[in-house]
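Inspection log for the structure reproduced underneath, given as structure tokens.
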Amino acid sequence: MAVNVYNTNVTTENLSRHEILAWVNDSLHANFTKIEDLSSGAAYCQFMEILFPGRVKLKKVKFTTRLEHEYIGNFKVLQEAFDRAGVEKVIPVERLIKGRFQDNFEFVQWFKKFFDANFDGHEYDPVGQREGQDLGPNPGGKGPSAKQAIAAPPKQSQISRVAKPAAPKPAAAAPTTMQAPRPVAAPAAAAAPPAHKAVTNNGRANSNNVKAGAGGDSQEIQKLTSQINELRTTIDGLEKERDFYFNKLREIEMVCQGDEFEGNPLQPKVLEILYATEDGFDVPESDASDF
């Protein structure tokens with residue numbers, strides 16, 4: 001029977017989205033690029049097959065589907081496996097299949113803890129078990145060899161430590177309510193470097209030098225384009241993580257301002273923390289579209 005674990009969404013032991021994706025891709029030889037892609041449920045089905053061989057009918061799992069009704073089918077297979085293994089967890093299928101970052105991130109954090117509590121370290125060929133089918137949004141993506149066996153789950157990386165705050169400085173006027181974060185502007189495309197053109201004494205272009213210059217420019221453009229794409233991916237992820245934690249704080253704020261919390265001695269302290277500012281912080285102007 002399975003070792004049950006319970007909600008772990010408020011703990012310093014949780015992994016970042018990058019560490020979670022690396023664990024999923026390395027373990028299953030998959031090509032997931034976003035947490036939201038786990039909403040198909042296929043990865044969880046194969047993880048359950050690793051933990052409890054024979055409890056999951058992998059032939060029923062749709063590994064390459066992009067259809068919502070087939071996502072539901074995959075989670076049905078997973079829930080049945082949970083029930084057979086004695087897992088005390090009801091899967092929030094309706095929330096997960098919508099592909100929202102917050103819901104899927106919370107579930108995969110729980111599942112990682114569940115996997116670590118039950119995995120015994122045995123070898124496993126994930127690609128062979130799913131009969132060579134791709135897993136992830138990038139079919140045919142380059143990944144580890146199918147013959148490579150799954151190893152024990154990697155140790156959790158240390159989360160970046162929060163620097164000790166400096167002595168408090170006089171704060172600016174605190175906002176009366178939390179302001180929704182503004183989107184981060186993506187980096188503008190880098191301008192292509194000017195092409196180099198060597199000229200001989202008689203005014204004619206030296207074709208060899210021109211080709212060499214053009215080749216160097218092309219490589220530089222590719223390098224800069226790659227850097228821009230990486231930055232955009234990073235910004236996209238940071239915005240989603242920012243929105244995730246902002247929504248949590250917003251919910252706390254609403255609870256503190258509700259009638260049921262009125263008169264609670266913790267209310268003013270919690271609100272003071274929520275509305276605290278620091279030197280250099282500018283309170284954004286209110287915008288009705290944020291609410």
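How would you order 227-237, 23-33 from highest to lowest mean count of nearby Cβ atoms within 10 Å?
Packing proxy ranking, top to bottom: 23-33, 227-237.
What FRET efficiency comes out for the pair Glu88/Lys60, r = Cβ-Cβ distance, R0 = 25 Å, nearest 0.05?
Rounded to the nearest 0.05, the efficiency is 0.60.
For a test of the definition: using alpha carbon positions, the gyration tensor, and the 1.5 limit on a/c, classify region 67-113 as rounded, prolate or oblate.
Oblate is the answer for region 67-113, as a/c is 1.5 or above yet b/c matches or exceeds a/b.
How much length is gained on full extension from Leu249 to Lys76, taking 0.36 nm per residue of separation minus their Cα-Cα distance?
59.0 nm
I'd like to compare 70-76, 251-257: which one has the highest average count of other Cβ atoms within 10 Å, and what's the full order after that?
Per-residue Cβ counts within 10 Å, averaged per peptide and sorted highest first, yield 70-76, 251-257.
Quick one: which of Lys57/Lys240; Lys112/Lys269; Lys98/Lys240 span more than 27 angstrom between C-alpha atoms?
Those over the limit are Lys57/Lys240; Lys112/Lys269.
Values in this text are rule-based calculations from the coordinates and carry no lab data. Fair warning: this is a prediction, and the values are worked out from it, not measured in the lab. In this analysis, Cβ positions are derived from the backbone assuming ideal geometry, glycine residues included, and neighbour counts consider all displayed protein chains.
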